[in-house]
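**Q** To start, I am sharing the structure in question, which I have written as structure tokens.
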């Protein structure tokens, strides 16, 4: 058995039990990418959600993001979330296959000349089939159909391991990184304890 060290190697920082840390990468594109449009397969559509309720929005948000520890919109008070959902500069779409919602796309045009790809994701059984490429094609077309000069997104090490490579292939260029530290939403009871197995749960010792 290895003994625990009483010192940290150079470059390391101690993370308190109950907290989680992720490296966030910010990416941007400053002009419409020269990439051929990709159509949705038969049966897959993008449906605009007009002023969804916090409950219906969080249902889709959780369906797509629980495995990747999406929790900010769960923590957000209803009045703050409603202000976002009712904002005419925020476009929210459900990705549907037949009658089932399988993905979420959210574009935020609140900053002049910019569009943030706020949320982008598909449910687990819809990934790895080329659907993400089609969804990104539609997202990019919707963003650049407005008079913007910058389209940007952030991803982190909680996300799918292929997310960063996917965004780069889609035309985004990394420009900065940060380290984000937050309380583990599983320990707060916001998400099930058995999700996101790629992020260990460190339970505080009482």
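**Q** Return the FRET efficiency for the residue pair residue 113, residue 205: r is the Cβ-Cβ distance, R0 is 35 Å, and the value is rounded to the nearest 0.05.
**A** Calculated transfer efficiency: 0.10.
**Q** So if we plug the beta-carbon distance of residue 173 and residue 198 into 1/(1 + (r/R0)^6) with R0 = 22 Å, what FRET efficiency do we get, rounded to 0.05?
**A** 0.30
**Q** Of 86, 159, 108, which is the most mobile in a GNM of the chain whose springs link Cα atoms less than 10 angstrom apart?
**A** Of 86, 159, 108, the Gaussian network model singles out 86 as fluctuating most.
**Q** Roughly how many Å is it from the Cα centre of region 50-68 to that of region 10-44, as a whole number?
**A** 19
**Q** Continuing with the same structure: Report, in deg cm²/dmol and to the nearest 500, the calculated mean residue ellipticity at 222 nm for the chain, where each DSSP H run with n ≥ 4 adds -39500 (n - 2.57) and the sum is divided by the residue count.
**A** That comes out to -6000 deg cm²/dmol.
**Q** For 66, 45, 55, 155, what's the fewest-to-most ordering of other Cβ within 10 Å of each Cβ?
**A** Result, fewest neighbours first: 55, 45, 66, 155.
**Q** Ok, one more. Exposure proxy check: 115, 177, 156 ranked by fewest other beta carbons within 10 Å?
**A** In increasing order of surrounding Cβ atoms, one gets 177, 156, 115.
**Q** Using r as the Cβ-Cβ distance of residue 40 and residue 72, and R0 as 41 Å, what FRET efficiency do you calculate, to the nearest 0.05?
**A** 0.90
**Q** Under the 0.36 nm per residue contour assumption, what length would be gained going from the current alpha-carbon distance of residue 99 and residue 23 to full extension?
**A** 23.8 nm
**Q** Sticking with this one: State the Cα centre-to-centre distance between region 112-162 and region 185-206 in whole Å.
**A** Computed from Cα coordinates, the inter-centre distance equals 27 Å.
**Q** So, one more: Which of rounded, prolate, oblate describes the chain, given a ≥ b ≥ c as roots of the alpha-carbon gyration tensor eigenvalues and a/c under 1.5 marking rounded, otherwise prolate only if a/b is larger than b/c?
**A** Prolate.
**Q** Arranged by the count of other C-beta atoms within 10 angstrom, fewest first, what order do 120, 158 take?
**A** Ascending Cβ contact count within 10 Å gives the list 158, 120.
**Q** Any idea how far apart residue 83 and residue 48 come out in nm if each label point goes 7 Å out from Cα toward Cβ?
**A** 2.4
Taken together, the values in this text are just the output of simple stated rules run on the coordinates, not laboratory data. Quick caveat, the model's predicted, so the values are computed rather than measured. Positions of Cβ are generated from backbone atoms using ideal geometry, with glycine treated the same way; all protein chains shown enter the neighbour counts.
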